[in-house]
Amino acid sequence: MAKATLTISSKNYSSWSLRGWLLTKFSGLAFDEVVVPPDDAAARAEILLLSSSILVPCLRHDGAEIWDTLAIAEYLNELRPEAGLLPAERIARAHCRSICGEIHSGFTTLRASLPVNLKGHFPGFKIWPRAQADIDRVCTIWRECLDRSGGPFLFGPRTMADAMYAPVVTRFMTYDVKLDAGLASYARTIMEMSEMREWIAAALLEPAEIEELAIRP
């Protein structure tokens, strides 16, 4: 069987690429990276939220081509159920799918106001009320999950939900979003994963810069 490939864009800026990459890493499926440079017109449009469709990341495996992060997660869960991308218990599985769907399709103000930028750090960043409402909702989701599961990840062991919310954790770090002790502990757990350290190390080496995302407070 041919090795899987995962097409991704900028590791510094692309939240969707990070999600797909983490999902594939969590699954244990071996894959080769195919990197589309951020100066590619289509990749740039997606990173800057100017595209109506998100075609990166794209997983190709055994004749399948999957380019939506939720579809990638479900495909990998079918392929590697032992990886635990979804919780074992029915109600927890439904909850996991629900919060993944919410981050997949919502929080547009958060995305636009606090774009992913792993090289950046903006202490004291001004957060507008509509973005704060999105932040508050994310914190509610995390708190409810952690209260039910006991942590350290949202559903106890790590699942697709942690991959889907990992870019939000990086946003909170970049823009100095204040978290209570429990949520800060969860954020540290995500940032300290070996997969996240590997991704961030590569992101910091990227030569490309997107000027529109070089936000200053």
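The values are calculated or read from the model by the stated rules, or taken from the named source; none is laboratory data. Predicted model, so just to flag it, every value in this text is computed and none were measured. Ideal geometry is used to build each Cβ from the backbone, glycine not excepted, and the neighbour counts take in all protein chains shown.
Structural remarks
- Qualifying residue in the range 119-130 (condition: over 19 Å from residue 26 (Cβ atoms), in contact with a Pro (Cβ under 7 Å, 6 or more places away or on another chain) and basic (Lys, Arg)): yes
- Residue in the range 79-93 that is over 14 Å from the mean Cα position of the chain (by Cα) and among the acidic types (Asp, Glu) present: yes
- Lone qualifier among 30, 73, 64 - being more than 26 Å from residue 153 (Cα to Cα), outside the structural domain of residue 112 (by TED's automatic domain parsing) and modelled with pLDDT of 95 or more: 64
- For first residues located in the range 60-76 and within 15 Å of residue 162 (Cα to Cα), partners that are charged (D, E, K, R) and lie 6+ apart or on another chain with Cβ distances below 9 Å form the pairs 69/19; 70/97; 72/19; 73/19; 74/97.
- So residue 99, is it outside any helix (DSSP H, G or I), out of contact with any Pro (no Cβ under 8 Å at 6 or more places or on another chain) and under 20 Å from residue 183 (Cα atoms): no
- In the set 179, 118, only one residue is in a loop (DSSP other than H, G, I, E, B), within 14 Å of the chain's Cα centre (by Cα) and either surrounded by fewer than 17 Cβ atoms within 10 Å (Cβ to Cβ) or among the aliphatic types (A, V, I, L, M) (or both); that residue is 118.
- Number of positions in the range 133-150 that are crowded, with 17+ Cβ neighbours inside 10 Å and small (Gly, Ala, Ser): 1
- Any hit, the range 119-135, residues being touching a Phe, Trp or Tyr at 6+ places or on another chain (Cβ under 7 Å), without any contact (Cβ under 8 Å) to a residue 40 or more places away in the chain and of a type outside the set (Gly, Ala, Ser): yes
- Yes/no for residue 95 being surrounded by 18 or more Cβ atoms within 10 Å (Cβ to Cβ), touching a residue at least 12 places away in the same chain (Cβ under 8 Å) and over 26 Å from residue 200 (Cα atoms): yes
- Total residues in the range 189-204, condition surrounded by 14 or more Cβ atoms within 10 Å (Cβ to Cβ) and closer than 25 Å to residue 140 by Cα: 5
- From the options 134, 162, 180, residue that is in contact with a Ser or Thr (Cβ under 8 Å, 6 or more places away or on another chain) and charged (D, E, K, R): 134
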